[in-house]
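What follows is one structure encoded as structure tokens, with my remarks underneath.
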Amino acid sequence: MTTSIVCLIERLKMKIAIASGKGGTGKTTVATNLAKYLSENRKVVLVDLDVEEPNSGLFLNGSLMNQKEMFKKIPNWESENCTLCGKCQSVCNFNAIMKLGENIMVFPELCHSCYACSELCPTQSLPMIPMKMGMLTEYKVEQLGFVGSKLDIGQEQAVPLIAQTLDYVDEMYSDDYLKLYDAPPGTSCPVIEATKDADFIFLVTEPTPFGLHDMKLAVETMRELKKPMAVIINRYGIGDAEVEAYCKVEGIDIIANFPNQRYIAELYSQGKLIYPHVPEFKAELLKAADYCKHLVKEN
Amino acid sequence: MKEIVIISGKGGTGKTSLTASFAMLAGQTAVIADCDVDAADMHLLLKPERIFEEDFYSGVAAVIDQDKCIQCGKCQEICRFNAIDNSTGQYLVSNLNCEGCGYCGHVCPVGAIEMIEQNVGKCYISKTKADNKMVHAGLKIGADNSGKLVAKVKHEAKASAEKDGKEYIIVDGSPGIGCPVVSSLSGADFVVFVTEPTVSGIHDLERVYQLVKKFQIPSGCIINKADLNEKVSKDIEKFLADNEIIHLTNLPYDESFTTAMTKGQTIVEDKTSPITASIEQCWQDLKIILEK
Ligand code: SF4
Ligand code: SF4
């Protein structure tokens, strides 16, 4: 009895990250339209993890459910017992803490919150204290749950905010939610953080030389992470057929080809969802949605 | 020597195509730097031939010597990044999780942990088809783009421009607002924003401008695809006026950017396109602005 319930929950559990090697390929368009469409029939939460430039929220008007300041931990120098031994400076690998004359200076934007200085300080003079790094907001857009975080200007590290946002989502949304992540662009640490606990990756690309080049990097990244993936082509019809040729050789499914239309670009510019207005777009969206359903079942 | 950095905040606005166009127009007067190391695309248009390449090391990651390890588990206890796993019976470090803080090395009672420098990519100096030198890089998959490779690219570009007495350094900047873009901006004389009149375009422009303002670098803006949404275009123009950002030019929504790209060309190589004239004018204007 208990095991069968566990099985059922296990089966529904699914996290799909929507990523792209290059920015501006339509990742957010795919994420918002797909999430909204799927939420008409099942429990879905969309998570905007592109915390440096979060845009998903601009396309979804919902009611605010929660707003939360997000903190990272940094050391705070208490001078009373400090012997100015300089241990903290010598253990910090990021030059985030320094002994300057009779003072210990902390550079919060360089700190990676590793706790080394704090816990290795012989006089316990460096307790870790919270420092605000960004803001998380949670909306309800009709049936769709939406969580997004925004990094404060001047904060240089996206990774801790991404990690905490995911923790929040895991705490607040049970496993019977389909979780869609709008991942940051590129192939470096923020993308890794945003995709490493996903079960499946949708790579959004454009059929152009830039699109292809950056998609190849994204494919290699996801292979390194051992993630199964499929490709979605946006602005299909522009450029050339190289992306399709590449996917064929590599054995990667192309699950939808969203058409290249000026009208779609105009709707996007106004912050509107596309599928309610463009039937050709919706037809492709249905294919992507079917693919998701099939993934959830398979899982 | 003047350093111009082209950034956009949001991807897909045409930043790289425009930077490559300026590189074509500047020819021998400039050194080009591709600081978008995460998605370096400019070489697809400028067809650089490599003259020089160098491995780039930055940061460290922990490695545990299994012969010395006594399985005490102290490293795993203190690691804040869940980088140490012992599900196989051995304590092993996951490179993708390790931040390289080195804390584990300090707590290991038998000195089994060593911090090893990481090869994060390569830095290249090449000669482009516009007859200028270009400094670019390739970041390894999943490497920490801490901005150090970006700083290296800029440093090499500057050294090359100084040595050869060039007038300009033209930099294709990094996206976002994090460390790579901060590195792209440091030392710049002028910033060119490339934006588009979409809700996300203006949103990202406002965010990245906040960052540029902190550095007090004068700036100008190109509104690409300006006719896509007249209203948002006007909003952007107002934002530029309110913040003393020079409005450099408007370019129309035009697929010839993509057509040129598909041929491995910059748009200014198509002498018949009306956009070419606008970009040429924009480059002339930029040169005058930089003289002041
Ligand atoms: S917590 Fe770690 S990164 Fe931050 S100052 Fe201390 S040693 Fe440096
Ligand atoms: S160096 Fe820091 S992040 Fe890496 S394994 Fe050691 S404690 Fe963890």
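The values are calculated or read from the model by the stated rules, or taken from the named source; none is laboratory data. These numbers come from a predicted model, not from an experiment. Heads up, the Cβs are rebuilt from the backbone with ideal geometry, glycines too, and the neighbour counts pull from every protein chain shown. SASA here: full protein model, heavy atoms, side chains in, ligands and nucleic acids out. Shrake-Rupley method; radii C 1.70, N 1.55, O 1.52, S 1.80 Å.
Structural remarks
- Output for segment A:194-208, where each listed residue is at the interface with chain B (Cβ under 9 Å from one of its Cβ atoms) and open to solvent by 30 Å² or more (accessible area, probe 1.4 Å): A:196
- Per-region count, segment A:103-123, residues away from chain B (no Cβ under 11 Å) and open to solvent by less than 30 Å² (accessible area, probe 1.4 Å): 2
- Among residues of segment A:84-102 being open to solvent by 70 Å² or more (accessible area, probe 1.4 Å) and away from chain B (no Cβ under 11 Å), the one that is farthest from ligand 1 (Cβ to nearest atom) is A:102.
- Contact map, segment A:124-147: residues that are within 14 Å of chain B (Cβ to nearest Cβ) and open to solvent by less than 40 Å² (accessible area, probe 1.4 Å) paired with residues that are within 16 Å of ligand 1 (Cβ to nearest atom) and among the aromatic types (Phe, Trp, Tyr), Cβ distance under 7 Å, separation 6+ or inter-chain. Pairs shown: A:126/A:77; A:128/A:115; A:133/A:71.
- Whichever residue in segment B:177-214 is within 7 Å of another protein chain (Cβ to nearest Cβ) and open to solvent by 10 Å² or more (accessible area, probe 1.4 Å) and, among such residues, is farthest from the chain's Cα centre (by Cα): B:199
- Scan of segment B:145-176 for residues that are under 14 Å from the mean Cα position of the chain (by Cα) and not aliphatic (A, V, I, L, M), ordered by number: B:145, B:146, B:147, B:148, B:152, B:154, B:155, B:172, B:173, B:174, B:175, B:176
- Residue ID - surrounded by the most Cβ atoms within 10 Å (Cβ to Cβ), chosen from residues in segment B:98-123 that are under 31 Å from the mean Cα position of the chain (by Cα) and more than 7 Å from ligand 2 (Cβ to nearest atom): B:120
- Lone qualifier among B:40, B:83 - being within 11 Å of another protein chain (Cβ to nearest Cβ), within 16 Å of ligand 1 (Cβ to nearest atom) and touching a strand residue (DSSP E or B) at 6+ places or on another chain (Cβ under 6 Å): B:83
- Odd one out for residue A:261, checked against (1) within 14 Å of another protein chain (Cβ to nearest Cβ); (2) open to solvent by 20 Å² or more (accessible area, probe 1.4 Å); (3) touching a residue at least 24 places away in the same chain (Cβ under 8 Å): (3)
- Selected residue (criterion: modelled with the highest pLDDT) from residues of segment A:54-78 that are closer than 21 Å to residue A:154 by Cα and touching a Gly at 6+ places or on another chain (Cβ under 6 Å): A:70
- Test: residue in segment A:235-257 that is within 22 Å of the chain's Cα centre (by Cα), in contact (Cβ under 8 Å) with a residue 60 or more places away in the chain and within 10 Å of chain B (Cβ to nearest Cβ): no
- Residues located in segment A:158-188, provided they are surrounded by 24 or more Cβ atoms within 10 Å (Cβ to Cβ) and free of Cβ contacts under 8 Å to residues at least 60 places away in the same chain: A:188
- Residue under evaluation residue A:81, criteria (1) at positive phi; (2) open to solvent by 40 Å² or more (accessible area, probe 1.4 Å), criterion not met: (1)
- Test result for residue A:243, closer than 26 Å to residue B:236 by Cβ and open to solvent by less than 30 Å² (accessible area, probe 1.4 Å): no
- Residue selection: residue A:56 fails the criterion of being over 21 Å from the mean Cα position of the chain (by Cα) and away from ligand 2 (no atom under 16 Å from the Cβ).
- Condition check for residue B:285: of a type outside the set (Phe, Trp, Tyr), without any contact (Cβ under 8 Å) to a residue 60 or more places away in the chain and over 28 Å from residue A:28 (Cα atoms): yes
- In segment B:161-186, the residues that are at pLDDT 90 or above and at positive phi: B:165
- Under the condition of being in contact (Cβ under 8 Å) with a residue 60 or more places away in the chain and in contact with a strand residue (DSSP E or B) (Cβ under 7 Å, 6 or more places away or on another chain), the residues counted in segment B:219-249 number 3.
- Within segment B:226-259, the set of residues being outside any strand (DSSP E or B) and within 22 Å of the chain's Cα centre (by Cα) comprises B:245, B:257, B:258.
- Tally, over segment B:124-153, of residues that are touching a helix residue (DSSP H, G or I) at 6+ places or on another chain (Cβ under 8 Å), in a strand (DSSP E or B) and surrounded by fewer than 22 Cβ atoms within 10 Å (Cβ to Cβ): 3
- Restricting B:66, B:76, B:90, B:71 to those that are more than 10 Å from ligand 2 (Cβ to nearest atom), within 29 Å of residue A:194 (Cβ to Cβ) and open to solvent by 30 Å² or more (accessible area, probe 1.4 Å) reduces the list to B:90.
- Test: residue in segment B:17-31 that is within 30 Å of residue A:29 (Cα to Cα), in contact (Cβ under 8 Å) with a residue 60 or more places away in the chain and within 12 Å of another protein chain (Cβ to nearest Cβ): yes
- All of (1) closer than 15 Å to residue A:20 by Cα; (2) out of contact with any strand residue (DSSP E or B) (no Cβ under 9 Å at 6 or more places or on another chain); (3) more than 9 Å from every other protein chain (Cβ to nearest Cβ) hold for residue A:220 with one exception: (3).
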